[in-house]
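Undergrad: Quick one: structure below, then a few questions.
The values are calculated or read from the model by the stated rules, or taken from the named source; none is laboratory data. A quick note: this is a predicted structure, and the numbers were derived from the prediction, not measured. Quick reminder, even Gly has a Cβ in these numbers, built from the backbone with ideal geometry, and neighbours come from all protein chains shown. Just the protein is used for accessible areas: all its heavy atoms, side chains included, with ligands, DNA and RNA removed. Shrake-Rupley method; radii C 1.70, N 1.55, O 1.52, S 1.80 Å.
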Amino acid sequence: MLRFFYSPPFRNPLPRRLSVLIFPWLVILLFLGACASKHFSVEISLPGNTDTAVRLLFYASDKKGGRLMETVVPVHGGKGSAQFPAVNPAVVYVMTSANTPVIAFYAERGDKMEITSDSSDPLSWRVRGNSISEKWSEWRLANLDALRSGDAKKINAAVASYVKAHPDEKTATLILLTSYDRRVGEKEFSELWDTLSDKVRTPETIDLIARADMVSADLASASSSLPEITLRTVAAKEYADTLRPAAQGASIILFWHNSMQHRKEMMRRLRTLASEYPDSAGRLIADICLDYDSVAWRMPLPSDSLKHTVRGWIPKGEADLQVMDMGVKRTPWWIVADGKGKIIYRGDDAEEAEKKFRSGMKK
């Protein structure tokens, strides 16, 4: 007689109706969890004998604010990788030891950026990970000769050609704002900016760049009065000093980078003015470093021999909103204000700045 052993089927401990309701939500939660990655990654693949450190700089932000992020990706045997926080999109700069950008790329949260090349020269690096960075990379590689020449006119021509051909692309906006030298083509820059469609020249796109010299005057009108400036000074231990315009006489401020040309000459001019007008209560003479690295700021200060002046540093550099509001376009950059705080000169002409300052001191 055969006996059949009955094994009851698996029974879901949850009622069928409840299971039907819960399962879709579990799927949604898993999907949202997968999408909630608040970072982007960078993988670097260079020649196998490459041992170096790649410096990256970008502005990480969310709805509450943001801060500059600077980090180093170690590359050993040609390979390196890292992850970076990301809520909002960012433009990431590959920096030299002199704190100047070599190349840049665009990254969003969740992006897996790849940098590859058979050369250790960053200008030749190909960047993949999203369409914007890939187009940006293709433009750079197609114009290596112009970029390597350092000739602003050749570089501007390469930028202009791309912008005119792609006025509806965000890539064109980013290339214009990062690579065009306005000192040799201010009028053309404005014309190129006007050719871009409104959808790709938004304030959000400009915020990605975080550099004041790249902002169109139409989008960021500089203040007509010298504001109070929050900064760090040599004497301060915290980033909490406030620089105020001279209550009497005039004010002159030099914005500088350690790597800029003729820096010593600029400091000599400030020494001369400080000697001619020794009463620090009756005028303001200041220099403000815009380097991101405090060492780059402090290292040359002792040799400047400046006395009875303000030696300042703004860590965010040109990305600082108050620097943008003052219309600082590049370095060296001078701002001169009269005794009422009204700005009477703003530009890169040192002689004109001195002239305006002396004129303000006579009133």
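Undergrad: Which of the aspartates and glutamates could be linked to LYS38 by a straight reach, that is with a Cα gap under 13 Å, when you skip same-chain ones fewer than 8 residues away?
TA: Answer for LYS38, where 13 Å is the Cα cut-off: ASP62, GLU108, ASP111, listed by chain and number.
Undergrad: Cross-link candidates for LYS356: which lysines have Cα within less than 27 Å, leaving aside residues fewer than 8 places away along the same chain?
TA: Counting by Cα, and skipping residues close in sequence, LYS356 has these lysines nearby: LYS187, LYS264, LYS307, LYS329, LYS340, LYS342.
Undergrad: Return the distance in nm (one decimal) between the two label points of a simple spin-label model at VAL72 and LYS340, each offset 7 Å from Cα along Cα→Cβ.
TA: That separation, rounded to one decimal, is 5.2 nm.
Undergrad: May I ask for the net charge around ASN130, where only other residues with Cβ less than 12 Å from the Cβ of ASN130 are counted and Lys, Arg are +1 while Asp, Glu are -1?
TA: Net charge in that neighbourhood comes out at +1.
Undergrad: Grab the Cα-Cα distance for GLU228 and SER359, subtract it from 0.36 nm times how many residues apart they are, and report the gain in nm with one decimal.
TA: Answer, rounded to one decimal: 44.9 nm.
Undergrad: Roughly how many percent of the accessible protein surface of region 55-184 is carbon and sulfur, given a 1.4 Å probe and a whole-percent answer?
TA: For region 55-184, the apolar C and S fraction of the accessible surface comes to 48 percent.
Undergrad: Around VAL310, which amide H atoms from residues at least 5 apart in sequence, or from another chain, sit under 5 Å from its own amide H, with H modelled in the peptide plane?
TA: Here ILE285, ALA286, ASP287 satisfy the definition.
Undergrad: Between HIS39 and LEU141, what length comes free when the chain is fully extended (0.36 nm per residue of separation minus the Cα-Cα distance, one decimal in nm)?
TA: 34.0 nm
Undergrad: Select from GLY150, THR173, TRP193 the residue farthest towards the positive end of the dipole of region 149-212; place +1 on Cβ of Lys and Arg, -1 on Cβ of Asp and Glu, and compute about the Cα centre.
TA: Farthest along the dipole direction, towards plus: GLY150.
Undergrad: Continuing with the same structure: Calculated FRET efficiency, THR195 and SER275, Cβ-Cβ r, R0 30 Å, to nearest 0.05?
TA: The computed FRET efficiency comes out at 0.05.
Undergrad: Pop out the Kirkwood hydrodynamic radius of region 74-150 from its pairwise C-alpha distances, inverse of mean 1/r, in Å to one decimal.
TA: Hydrodynamic radius (Kirkwood, Cα only) of region 74-150 equals 13.4 Å.
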